[in-house]
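Engineer: Below you'll find the structure I mean.
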Amino acid sequence: MPQLSGSGEPLRVHDSASGTVRTVQPQSPARLYVCGITPYDATHLGHAATYLTFDLLQRVWLDGHLDVVYVQNVTDVDEPLLERAARDGVHWEDLAAREIDLFRQDMEALRILAPAHYVGAVEGIPEDVDSIRSLLANGAAYRIPVSAAEGAVQAQAQDVYLDLSGQPTFGEVSHLSRAQMLEVFGERGGDPDRQGKRDALDPLLWRAAREDEPSWPGESLGAGRPGWHIECSTIALTYLGMRFDVQGGGTDLIFPHHEMSAVQATALTGEQPFARAYVHQAMVGYQGEKMSKSKGNLVLVSALLRDGVDPMVIRLALLAHHYRTPWEWTDQDLVAAAQRWSAWLVAASQADETEEVSDLETRTVQQIRARLADDLDAPGAVAAVDAWAAAATAGLPVSRAVPSAVDALLGLDLLS
């Protein structure tokens, strides 16, 4: 990321937990945790929009001369991954490795800055085991026996759940009613009908080993594997600690995933909040529905790249939409982005390294910084560059100031 003269403004973002736009001006290092993919299919544009949003956030912090510790997980063992591997007749680890590699290639093509720590759920299992044993020891969790008829592969097998009745902070992230929680809990990885649970919403912490499922040693927990939410709780605590600055992801993660991750961390540490702010990317639609792997209505980044689409055009198409506004992808998004990118390239081709920076260029860089600092207003920043490109094409002498800012702040390489 090029270093620009001066410094960006303090970042203001919409915090889902409070429902307000707040200034998030951390001490250095700034700490960011973004939930990663479950690698059972290729990266689609909904994923790309999410990771682009937090790429912009990291760039604003870096432009403000903050060090950034960015952690992203990958859920490299989970039911959807196991089901897809069984369907396709491949080993689940091979499927995960293939899709993780493709995801990282897609992110590199889109010039997404890499996280400082990219952590697989599997490698975090020892910390998960320690955390779950601690929750059992302090009375925050309970066990449910699993019989051989339910697929248990060892005697006295037990699943472990968090007891939400003892967690007064539950609900402080999503602010959903119980009815609203129950409406989506099952379809978003929960098991509300599990017999023996004290409450339908109690989240799974440890799943005892079942037939034909991978498992790991759990010490006193017995063999098994962790639940989805505790993986993120422990990874965040290990690499960032409590009260880190921003928890990020798509809006579909607000409940149950971010809610449960936070309440589990509080139950484990006795501290709150888990994150100081929760920032969520709105859903990207396609053909009238949310773009998702489960629905199969995907526009894949890798497919666009194979078709010869410039990755900078893909990135610019995504930047044309504000992260908090749901939108639907159409072919016109690429057409408009290609036209815009062509106009910007023409303007940037006139850049002279020795040219004095004009007042318009100085204002343009300030506008890019200001728009991104104001709740990551990428469309506003793009509009500022449009105005500069029009002026440059009309004859304004062009320095490298704006192309450098576009590279540093919007992640678009105009000078190669």
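The values are calculated or read from the model by the stated rules, or taken from the named source; none is laboratory data. Quantities reported herein were computed from a predicted structural model and do not represent experimental measurements. Virtual Cβ from ideal backbone geometry, glycine too; neighbours counted across all protein chains shown. Only protein heavy atoms, including side chains, enter the accessible area calculation; ligands, DNA and RNA are left aside. Shrake-Rupley method; radii C 1.70, N 1.55, O 1.52, S 1.80 Å.
Engineer: Take GLN154 and ALA200, extend 7 Å from each Cα along the Cα→Cβ direction, and tell me the distance between the two endpoints in nm.
Structural biologist: About 3.2 nm, to one decimal.
Engineer: Quick query: amide H of LEU376 versus all other amide H atoms, modeled in the peptide plane; which residues come in under 5 Å with a sequence gap of 5 or more or a different chain?
Structural biologist: Under 5 Å from the amide H of LEU376: ARG12.
Engineer: To the nearest 20 Debye, how big is the dipole of region 123-272 about its Cα centre, given +1 on the beta carbon of each Lys and Arg and -1 on that of each Asp and Glu? Provide the component values of the computation, followed by the final result.
Structural biologist: Details: 11 positive and 23 negative charges, 66 e Å.
So the magnitude is around 320 debye.
Engineer: Related question: Which one of THR169, ALA155, VAL34 has its Cα pushed farthest toward the positive end of the charge dipole of region 32-188, where Lys and Arg give +1 and Asp and Glu give -1 at the Cβ?
Structural biologist: THR169
Engineer: Let's see if you can work this out: charge +1 on each Lys and Arg Cβ, -1 on each Asp and Glu Cβ, no other charges. What is the dipole magnitude of region 281-398 about its Cα centre, in debye to the nearest 20? Numbers along the way, then the final one.
Structural biologist: Numbers: 10 positive and 16 negative charges, 136 e Å.
Using only the charged Cβ atoms, the result is roughly 660 debye.
Engineer: Would you kindly compute the Cα radius of gyration of region 184-229 and its largest Cα-Cα separation (Dmax), both in Å?
Structural biologist: Rg, Dmax (Cα atoms, Å): 11.6, 33.
Engineer: Take every Cα pair under 8 Å in the chain that's 6+ residues apart, average their separations, divide by the length, and report that relative contact order as a whole percent. Intermediate values should be presented prior to the final figure.
Structural biologist: Working: 738 pairs, mean separation 84.9, N = 416.
The value is 20 percent.
Engineer: Roughly how compact is region 266-328, stated as its Cα Rg over 2.2 N^0.38 Å to two decimals? Mind dumping the intermediate values first?
Structural biologist: Details: Rg = 16.9 Å, N = 63, 2.2 N^0.38 = 10.6 Å.
Dividing the Cα radius of gyration by 2.2 N^0.38 Å gives 1.59.
Engineer: Work out, step by step, the length gained on full extension between THR23 and LEU345: first 0.36 nm times the residue separation, then minus their alpha carbon distance; give nm to one decimal. Each step should come with its number before you reach the end.
Structural biologist: Numbers: separation 322, 0.36 × 322 = 115.92 nm, distance 3.40 nm.
That pair, THR23 and LEU345, stretches by 112.5 nm at full extension.
Engineer: Would you tally the net charge around ARG340, using a Cβ to Cβ cut-off of less than 14 Å, leaving ARG340 out, and scoring K and R as +1, D and E as -1? Before the final figure, lay out each step's value.
Structural biologist: Numbers: positive: ARG315; negative: ASP310, ASP333, ASP386.
Net charge in that neighbourhood comes out at -2.
Engineer: Calculated from DSSP H runs of 4 or more alone, at -39500 (n - 2.57) each and per residue, what is the 222 nm mean residue ellipticity of the chain, nearest 500?
Structural biologist: My calculation for the chain gives -12000 deg cm²/dmol from helical runs alone.
Engineer: Picking from PRO379, PRO214, PRO226, which is most flexible by a Gaussian network model of the chain using Cα springs under 10 Å?
Structural biologist: PRO214
Engineer: If you don't mind, there's one more thing I want to ask. What does the highest-first list of 147-160, 258-271 look like by mean Cβ count within 10 Å?
Structural biologist: 258-271, 147-160
Engineer: Here is a further query. Per 0.36 nm of contour for each residue apart, how much would the distance between ALA179 and THR330 grow if the chain were fully extended, relative to their Cα-Cα spacing?
Structural biologist: On the way: separation 151, 0.36 × 151 = 54.36 nm, distance 3.46 nm.
Fully extending the segment from ALA179 to THR330 adds 50.9 nm.
Engineer: Compute the FRET efficiency between HIS117 and ARG243 as 1/(1 + (r/R0)^6), taking r as their Cβ-Cβ distance and R0 = 25 Å, and round to the nearest 0.05.
Structural biologist: Numbers: r = 18 Å, r/R0 = 0.71.
Computed FRET efficiency for HIS117 and ARG243: 0.90.
Engineer: Among SER5, SER215, SER358, what's the order by accessible area (1.4 angstrom probe), most exposed first? Write out the running numbers ahead of the final one.
Structural biologist: Numbers: SER5 105, SER215 50, SER358 25 Å².
My answer, sorted largest first, is SER5, SER215, SER358.
Engineer: Okay, next question. Charges on Cβ only, +1 for Lys and Arg, -1 for Asp and Glu, centred on the Cα centroid of region 65-144; of HIS117, ALA140, THR75, which one is farthest towards the dipole's positive end?
Structural biologist: About the Cα centre, the residue reaching furthest to the positive side is ALA140.
Engineer: Still on this structure: Computed over the Cα atoms, what is the radius of gyration of region 232-345 divided by 2.2 N^0.38 Å, N being its residue count?
Structural biologist: Values: Rg = 18.1 Å, N = 114, 2.2 N^0.38 = 13.3 Å.
Compared with the compact-globule rule of thumb, region 232-345 sits at 1.36.
Engineer: Still on this structure, please answer the following. Using +1 on the beta carbon of Lys and Arg, -1 on that of Asp and Glu, and nothing else charged, what's the dipole of region 330-380 about the Cα centre, debye to 20?
Structural biologist: I would put it at about 140 debye.
Engineer: I've got another one for you. Could you give the accessible area per residue of the chain, probe 1.4 Å, as a whole number in Å²?
Structural biologist: Values: 17060 Å² over 416 residues.
On a per-residue basis, the chain sits at 41 Å².
Engineer: With a bin width of 20 angstrom, please list the P(r) values of the chain as percents of all Cα-Cα pairs, from the 0 bin to the one holding the largest distance.
Structural biologist: Bins of 20 Å from zero give 26, 53, 19, 2 percent of pairs.
Engineer: Run the paramagnetic zone check for ASP307: 7 angstrom along Cα to Cβ, then residues of region 27-49 with backbone nitrogen under 17 Å.
Structural biologist: 42-49
Engineer: Put +1 on the Cβ of every Lys and Arg and -1 on every Asp and Glu Cβ in region 284-331; which of LEU304, ILE314, SER294 then has its Cα farthest towards the positive end of the dipole?
Structural biologist: SER294
Engineer: Shifting gears a bit: First compute the accessible area of the chain with a 1.4 Å probe, then give the percent of it belonging to carbon and sulfur atoms.
Structural biologist: About 48 percent, which is the carbon plus sulfur part of the accessible surface.
Engineer: Residues of region 198-227 with the amide nitrogen closer than 20 Å to a label point 7 Å from the Cα of ASP130, along Cα-to-Cβ, please.
Structural biologist: 205-207, 216-227
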